[in-house]
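Readers should treat all values here as calculations from the given coordinates under stated rules, not as data from a laboratory. Keep in mind that what you see is a predicted model, and the values were worked out from it rather than measured. Using ideal geometry, Cβ is built from the backbone for each residue, glycine included, and neighbour counts are taken over all protein chains shown.
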Amino acid sequence: MTALTAVRGMNDILPSETPRWRDLEATMARLLLARGYQEIRLPMVERTALFHRSIGEVTDIVEKEMYTFVDRGGDSLSLRPEGTAGCVRALIENGWVAQEGAVHRLWYAGPMFRHERPQKGRYRQFHQIGVEAFGMPGPDVDAEQIVLCARLWEALGITGSVTLQVNSLGTPASRAVHRERLVAYFTRHAADLDEDSRRRLETNPLRILDSKNPALAEVIAGAPSLPDSLDAASRTHFEDLCRLLEAAGVRYVHNPRLVRGLDYYTHTVFEWITDRLGAQDAVCSGGRYDGLVSRLGGRETPAVGFALGMERVIALLEQAGHIPTSSAPDCYLVWAGDGLDVAALRLAEDLRRIEGLRVVQHCGGGSFKAQLKRADRSGARFAVILGEQEWATRSVQIKPLREDQPQRTLPVSDLPAWLLAQGLGRSA
Ligand code: HAM
C-alpha cells in the first residue's frame with residue numbers, strides 16, 4: 001500500500017512552528033486594527049470565471065496554475081489562487097460599493113492555491129495576509145498601506161531583510177500607449193525573443209518585461225520604459241506617493257520594469273523583496289487596481305491593496321533569530337491517589353480561572369516519577385503535585401522545573417496568589 005502523504009507543495013505547519021505564525025498574525029492584526037481595517041473571511045472556492053475576468057486570461061496563474069474542477073452540479077470552480085478577486089466579488093455582492101463615495105478598508109488571511117513547481121519559498125498551498133482599500137483614489141492610501149508594511153517589518157525586527165520597489169503603470173490610456181510602443185519594439189526584435197515571449201507579444205506584451213529568461217535580459221533592457229509613457233495625472237500620482245514615502249522615512253527604489261503578474265493593476269505597483277530566500281524574492285506585493293470593481297460588475301471604484309506571503313515572512317523571521325512567544329504551559333498538575341480524580345479536575349479548573357494562566361492536567365495515570373517526566377517535557381515552569389498526603393491537608397507541593405529553587409508545600413487556597421506573585425497569569 002502506498003503511504004498516504006501530504007500533497008506535494010502542501011505542507012503541515014507543525015506545533016513547533018505555529019507560535020511564530022501566531023506572532024505574525026497578531027502583530028499584523030494589531031497594525032491593521034490601528035488603521036481601521038476590518039477582517040473579512042472569504043470562501044476558498046470561487047467560480048472559475050471570477051479569476052479569468054480579474055487576474056486575466058493570459059497570465060501564468062490563470063493559464064497554468066489554477067486548481068480547477070467541475071463540481072457535481074456541473075459548475076466550473078477553482079481553489080482561490082489569491083484573495084483580491086474574491087474580496088471584490090464579496091464587496092459587489094453585498095452592495096457595499098453600490099453608493100458613490102463608499103469607503104472600505106478590509107483584510108483577510110488564509111491559504112491560497114497555485115500549481116507551481118514547489119521549491120523553497122514556493123508552495124502549492126501557501127498563505128497570505130491580504131489588505132484591500134476601496135473608494136479612495138489618491139496616493140495617500142497607497143502610502144498608508146506601504147507604510148503599514150514598513151511598520152510590520154519594524155515590529156518583527158526584519159527591516160534589514162527587505163527592500164521596497166515601486167513603479168507606476170499609469171492609467172489604462174497610458175498603458176495603451178506603452179503597449180503600442182512595446183509591440184513595435186519587440187516586433188522589430190522578434191528574432192531575439194523566446195517562444196513564450198513571442199506568444200505574449202500577441203496577448204500580453206507587458207509581461208515580456210517580467211520574463212525570467214536570462215537570454216532576453218538584453219532585449220528587455222532596451223525596451224521602451226513605462227515611465228516615459230505616463231500621462232501627467234499618473235505622473236503626479238506617482239510623485240505624490242514618493243513624496244509621502246520619503247516624508248514617512250520609508251526607503252524605496254523606483255524600478256521602472258516592475259509590472260506584476262496579474263492584469264488588474266493601474267498606477268501604483270510595489271513589491272517588498274528580499275535577497276535572503278533565494279529565487280523566491282517577493283515577500284509582499286500589491287498595487288492599485290482602479291478598474292477591477294467595475295470590470296466585475298460593480299460601480300467605478302478606485303482600490304488599492306497588497307498581500308504578504310506568510311511562509312516567506314516566517315522564513316525571514318527564522319533567519320533573523322526571532323524568538324517566538326512561548327506556548328508552553330505555566331503549570332503541569334501531577335496527581336495520583338484513590339478518589340483524587342475529582343479533586344484534581346477541580347483544582348485544574350480553579351487555577352484556569354486566573355486569566356492567562358496555562359495549566360495542563362496530567363491525564364492517563366502513571367507513577368509520580370513518570371508524570372514528572374512528562375511535566376518536564378511539556379516545558380512547564382512548575383509542577384503542581386497533588387497526592388493523598390497533600391489532599392489530606394488541602395495543600396499541594398510545587399516543584400520548579402526550570403529554576404534552581406527548592407520544592408515547597410503550599411495550602412491550595414494560597415496557590416493562586418503565589419502563582420500571580422511569580423509573574424504568571426494576568427491579574428485582572
Ligand atoms: P501576488 O504577488 O501574486 O499578489 O502574491 C502576493 C505574495 O504572495 C507574493 O509576494 C509572495 O510573497 C506570496 N506568494 C505568491 N505565490 C506564492 C507561492 N506559490 N508560495 C509562497 N508564497 C507565494 C497577489 O496575490 C495579489 N492578490 C496582491 C494584491 C492584493 N494586490 C492588490 N491587492
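In plain terms, the residue of Met28, Met136 with the fewest other Cβ atoms within 10 Å comes first and the most crowded comes last, giving Met136, Met28. Among residues other than Tyr123 with Cβ under 15 Å from its Cβ, the summed charge is +2 (Lys and Arg +1, Asp and Glu -1). Put simply, when 178-186, 127-135, 64-72 are sorted by average Cβ atoms within 10 angstrom per residue, most first, you get 127-135, 178-186, 64-72. From the largest down, segment 143-208 spans 49, 27, 15 angstrom on the principal axes of its Cα atoms. Among 357-364, 308-315, sorting by the average number of other beta carbon atoms lying within 10 angstrom of each residue, highest first, gives 308-315, 357-364. From the square roots a ≥ b ≥ c of the eigenvalues of the alpha-carbon gyration tensor of segment 122-242, which class results: rounded (a/c under 1.5), prolate (a/b over b/c), or oblate? Oblate shape, in that a/c is at least 1.5 and b/c is the bigger or equal ratio. Note on Lys212: lysines with a C-alpha under 23 Å away, same-chain residues under 8 apart excluded, are Lys64, Lys120. In angstrom, the C-alpha Rg and Dmax of segment 249-390 are 27.0, 77. Only one residue of Phe306, Cys242, His322 has its Cα farthest out toward the positive end of the dipole of segment 228-363, where Lys and Arg carry +1 and Asp and Glu -1 on Cβ, and that residue is Cys242. Using bins of 10 Å that start at zero, the share of Cα-Cα pairs per bin across the chain amounts to 4, 18, 23, 20, 13, 10, 7, 3, 1, 0, in whole %.
Rounded to the nearest 20 Debye, what is the dipole magnitude of the chain about its Cα centre when Lys and Arg each give +1 and Asp and Glu each give -1 at the C-beta?
That gives a dipole near 620 debye.
Once Rg and the Kirkwood radius are both taken over the C-alpha atoms of segment 16-112, their ratio Rg/Rh works out to 1.03. For segment 211-274, the dipole from Cβ point charges (+1 on Lys and Arg, -1 on Asp and Glu) about the Cα centre works out to 180 debye, to the nearest 20.
Compute the normalised compactness of segment 331-421: alpha-carbon radius of gyration over 2.2 N^0.38 Å, N being the residue count. Mind showing how you got there, number by number?
On the way: Rg = 11.9 Å, N = 91, 2.2 N^0.38 = 12.2 Å.
In units of the globular-protein estimate, segment 331-421 measures up at 0.98.
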